[in-house]
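The structure appears right after this line, and notes come after that.
The values are calculated or read from the model by the stated rules, or taken from the named source; none is laboratory data. Everything quoted here is computed from the prediction, not taken from an experiment. In this analysis, Cβ positions are derived from the backbone assuming ideal geometry, glycine residues included, and neighbour counts consider all displayed protein chains. For the accessible areas, the whole protein counts, side chains as well, though only heavy atoms, and no ligand, DNA or RNA atoms are used. Shrake-Rupley method; radii C 1.70, N 1.55, O 1.52, S 1.80 Å.
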Amino acid sequence: MRCTDFNFLSYLCSMIQKRTIPVVGMACSSCSAHVEKTLNEQKGVTSASVNLATRAALVEYDDAVITLEQMKAAVNAIGFDLVIEQDRSVEEIERREYTLLKRKTLLAWLFAVGVMGAPFILPPAGGAASNQLAMILALACLLTCGRQFYVSAWRQLRHGMANMDTLVAFSTGISFLYSSVVTLSTLNSELSTFYDASVMIIDFVLTGRLLEERAKRATASSIRTLMGLQPKTARVVGTPKPNPPQVGTGFTPRQQTDASTHSGRGMNPVPTKDWEVVPLSTISIGDILEVRAGEKIPVDGSVTWAESFMTADAAYVDESMITGEPTPVMKSPKRIPTPTPSRGEGSLNTPTANGTSSKANQTPLPSGGVGGGCRVLAGTIVQQGTLRFRATQVGENTALAQIIQMVQQAQGSKAPVQRVVDRLAMIFVPVVAALSLLTFIVWMLCGGGLQQAIISAVAVLVIACPCAMGLATPTALMVGIGKAAEQNILIKDAAALEQMRKVTALVLDKTGTLTIPNPNINFTIADSLPYEEREQMKPYVPEAIKKLTSQLGKQGGGSSIWMLSGDREDAVAYWAEKAGIEHYKSQVKPQDKENLVRELQQQGHHVAMVGDGINDSQALALADVSIAIGTGTDVAMDVAQVTLMGNDLRALPEAFRLSRRTVSMIHQNLFWAFIYNMVCIPLAAGLPRAFGIDFQITPMWAAALMALSSISVVLNSLRLRYQR
């Protein structure tokens with residue numbers, strides 16, 4: 001292929017955008033299914049996945065064919081909205097909607113008290129006066145608190161669609177119209193009215209949604225925790241220059257104030273004291289920022305000056321929230337030289353102040369960065385001392401922002417089982433409507449009377465709940481992936497979380513994954529040195545391997561754990577024995593690693609590959625589940641579905657354990673959601689009465705049960721947060 005062909009392919013790839021877009025107005029799984037269907041039908045959209053729990057659409061599209069504005073217009077046409085404007089805050093929109101929902105719910109209950117108390121205000125019960133008062137109050141409730149259901153149902157019907165709002169609108173509308181006819185008619189005064197049912201349906205649905213929203217907020221707490229790591233303001237050294245952007249930079253730097261004088265303590269420059277506190281959004285690449293002890297670092301950058309009482313030219317930064325490393329890392333203006341990798345391996349490690357290994361200090365700066373001292377990351381905390389650094393990545397390009405985006409996309413992705421549920425949700429509401437009509441016809445034909453037929457038909461409409469089915473999978477995934485993020489385990493997609501519980505064989509790279517090479521040795525005589533001088537085993541590796549062996553045994557994998565290395569045979573055997581790994585291979589090349597993964601798959605194993613270097617990328621790409629070490633190369637992390645942010649291998653068995661628990665929770669939720677509908681719909685239709693049992697779920701109690709089913713699914717998912 002010619003160079004121009006590669007350029008053309010790169011151009012095509014650059015037009016494909018992947019973006020998470022908040023969706024406003026969704027209430028049930030049918031809503032999310034219709035929004036997803038609409039987006040996927042748009043020309044230029046490669047794929048779209050809409051998640052009810054996160055209220056967001058993950059869209060991959062060609063911006064040369066379709067714009068965000070066109071997608072927004074298509075979604076608006078079916079009664080929903082996409083938040084694409086920069087000046088619209090999703091948090092503010094959700095806060096306003098939640099406040100409005102609380103007010104509507106309170107007002108609806110006040111109307112319910114009025115309707116229930118009508119016979120006591122204007123007795124007797126069932127009299128013309130009390131019925132007329134109840135009719136006025138019920139109508140006011142439907143028009144104020146229930147208006148959203150009718151507007152949404154009308155928009156859906158105009159496009160040949162139906163959702164939960166359609167069922168609520170039909171059930172309350174039928175109850176009210178029937179009751180109004182009875183109230184205004186003089187033909188049969190013995191018929192009962194159902195104003196209480198129409199109002200209580202609105203009450204219970206709104207109350208259910210209110211409680212559901214509160215529970216959903218708890219499932220998203222991990223994302224809010226990550227977002228809370230980034231400060232709102234930053235201390236910028238100098239003042240903005242009125243000059244135009246420098247040629248070739250694309251940004252206007254602030255006035256740099258690094259002094260050229262030096263203190264009496266070596267070559268550490270003394271910074272000037274002029275600074276200002278500005279909003280984080282105004283920070284540009286190249287700005288010099290100052291962070292003091294106890295403060296959070298606002299953006300990524302490279303250190304230009306540092307000082308602490310322990311070290312004259314360095315400060316100490318707590319990076320545990322990003323890497324999981326408990327010991328603060330030394331950061332200085334002088335970048336620590338990168339060592340040569342050990343024989344046969346592609347993983348490089350740099351010593352930190354405490355003698356351990358860290359990649360944070362030697363990771364190449366992203367494009368646009370300015371070279372210099374140690375790299376610092378947004379969201380980390382200066383534990384000791386003061387430092388100044390030059391901003392190299394801001395906004396959505398910081399490491400913390402990328403982690404947040406990865407977690408959000410993972411929470412918004414769909415497990416394979418969810419796609420089956422989505423297809424069911426598309427036909428669920430029409431099927432329920434048909435069952436309701438069938439119930440009405442059967443009762444009329446069997447001589448049950450108009451009143452019994454209406455009660456049964458309305459109860460069927462109300463009690464059927466697609467919300468529980470729609471929330472069963474995404475709420476469990478939100479909690480599971482969020483809890484993993486809190487434990488420094490980044491899961492890129494829901495499919496990986498579901499696949500991890502099926503893994504029966506595990507392949508591990510040695511250097512960088514299980515061991516840390518010593519950068520301070522003479523590499524020309526490395527082969528003659530004792531193994532423990534050449535490299536050190538990471539903490540807790542034997543403990544992690546023991547847990548993994550037990551877990552794989554339960555999943556049908558026996559002791560199928562392999563260690564691979566490019567090192568010589570005797571060294572690999574030594575480290576395999578020390579780690580407690582039975583199977584190992586030495587002097588392997590990248591192709592050999594890929595071949596072993598393929599061989600294990602041909603034997604019927606589900607294979608997980610754990611690596612950290614470029615030489616692991618082929619095997620990672622082939623494995624059923626690919627896991628990268630966060631201190632490894634960008635290539636490995638790009639290929640991997642799961643990233644362990646740190647050197648503690650105990651996170652690996654924890655990831656497998658979390659996978660099993662999350663999938664188990666999904667199955668529990670789906671089971672109870674389906675059982676609920678299978679049991680409650682016949683009871684609402686009055687089936688027991690056909691066998692002489694005087695029992696039926698009325699429309700009012702049907703609404704309560706419907707709300708309870710959705711809440712129970714969310715609360716069941718929340719149990720994941722508190723399981724140890």
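Set side by side, the residues 64, 53 differ, and just one is in contact (Cβ under 8 Å) with a residue 40 or more places away in the chain, more than 23 Å from the chain's Cα centre (by Cα) and not in a strand (DSSP E or B), which is 64.
The lone criterion from (1) over 19 Å from residue 168 (Cα atoms); (2) outside any loop (DSSP other than H, G, I, E, B); (3) open to solvent by less than 40 Å² (accessible area, probe 1.4 Å) left unmet by residue 136 is number (3).
Within the stretch 100-125, the residues that satisfy the criterion of being touching a helix residue (DSSP H, G or I) at 6+ places or on another chain (Cβ under 8 Å), among the small types (Gly, Ala, Ser) and open to solvent by less than 50 Å² (accessible area, probe 1.4 Å) are 108, 112, 114, 118.
Which one is farthest from the chain's Cα centre (by Cα) among residues in the stretch 520-535 that are touching a residue at least 40 places away in the same chain (Cβ under 8 Å) and either within 17 Å of residue 576 (Cβ to Cβ) or crowded, with 22+ Cβ neighbours inside 10 Å (or both)? Steps first, answer last, please.
Start the filter on the stretch 520-535 by keeping residues that are touching a residue at least 40 places away in the same chain (Cβ under 8 Å), which leaves 520, 523, 526-527, 531, 534-535.
Cutting the leftovers down to either within 17 Å of residue 576 (Cβ to Cβ) or crowded, with 22+ Cβ neighbours inside 10 Å (or both) gives us 531, 534-535.
On the way: 531: 42, 534: 41, 535: 37 Å.
Filtering first and then ranking leaves 531.
Kindly check whether there is at least one residue in the stretch 506-519 that is open to solvent by 60 Å² or more (accessible area, probe 1.4 Å) and either modelled with pLDDT of 80 or more or closer than 24 Å to residue 615 by Cα (or both). Among the residues of the stretch 506-519, not one is open to solvent by 60 Å² or more (accessible area, probe 1.4 Å) and either modelled with pLDDT of 80 or more or closer than 24 Å to residue 615 by Cα (or both), which makes the answer no.
Please count how many residues of the stretch 306-348 are among the β-branched types (Val, Ile, Thr), at pLDDT 60 or above and farther than 16 Å from residue 387 by Cβ. Don't jump to the end; show me each part of the working.
Going residue by residue through the stretch 306-348, those that are among the β-branched types (Val, Ile, Thr) are 311, 317, 322-323, 327, 329, 336, 338, 340.
This time we only want the ones that are at pLDDT 60 or above, so: 311, 317, 322-323, 327, 329.
With the extra rule that they be farther than 16 Å from residue 387 by Cβ, the set shrinks to 322-323, 327.
Number satisfying all stated conditions: 3.
Of the strands (runs of 3 or more DSSP E) contained entirely in the stretch 572-629, not one carries at least 2 residues that are within 17 Å of residue 640 (Cα to Cα), open to solvent by 10 Å² or more (accessible area, probe 1.4 Å) and aromatic (Phe, Trp, Tyr). Selection within the stretch 67-82: residues that are in contact (Cβ under 8 Å) with a residue 12 or more places away in the chain and assigned to a loop (DSSP other than H, G, I, E, B). The member of this set that is farthest from residue 163 (Cα to Cα) is 77.
When the stretch 678-691 is examined, which residues are found to be open to solvent by 40 Å² or more (accessible area, probe 1.4 Å) and modelled with pLDDT of 85 or more?
We begin by selecting, within the stretch 678-691, every residue open to solvent by 40 Å² or more (accessible area, probe 1.4 Å); these are 678-679, 682-683, 687, 689-691.
Hits for the stretch 678-691 are 678, 679, 682, 683, 687, 689, 691.
Look at the stretch 148-164: where a residue is touching a residue at least 24 places away in the same chain (Cβ under 8 Å) and part of a helix (DSSP H, G or I) and a partner is open to solvent by less than 30 Å² (accessible area, probe 1.4 Å) and charged (D, E, K, R), sitting 6+ places away or on another chain with Cβ atoms under 6 Å, you get 149/165; 152/165. Scanning the stretch 666-707 for residues that are within 16 Å of residue 167 (Cβ to Cβ) and among the aliphatic types (A, V, I, L, M) yields 673, 681, 684, 685, 697, 700, 702, 703, 704, 705, 706, 707. Only one entry in 125, 169, 108 is under 40 Å from the mean Cα position of the chain (by Cα) and free of Cβ contacts under 8 Å to residues at least 40 places away in the same chain, namely 169. Has the stretch 658-674 got at least one residue that is crowded, with 18+ Cβ neighbours inside 10 Å, in contact with a strand residue (DSSP E or B) (Cβ under 8 Å, 6 or more places away or on another chain) and either touching a residue at least 24 places away in the same chain (Cβ under 8 Å) or not in a loop (DSSP other than H, G, I, E, B) (or both)? Within the stretch 658-674 (the criterion being crowded, with 18+ Cβ neighbours inside 10 Å, in contact with a strand residue (DSSP E or B) (Cβ under 8 Å, 6 or more places away or on another chain) and either touching a residue at least 24 places away in the same chain (Cβ under 8 Å) or not in a loop (DSSP other than H, G, I, E, B) (or both)), the answer is yes, since at least one residue qualifies.
Taken over the stretch 100-124, the residue count meeting the criterion of being more than 17 Å from residue 209 (Cβ to Cβ) and among the aliphatic types (A, V, I, L, M) is 7.
Have a look at 97, 85 and point out the one that is open to solvent by 20 Å² or more (accessible area, probe 1.4 Å), of a type in the set (Asp, Glu) and touching a residue at least 24 places away in the same chain (Cβ under 8 Å).
Within the list 97, 85, the selection yields 97.
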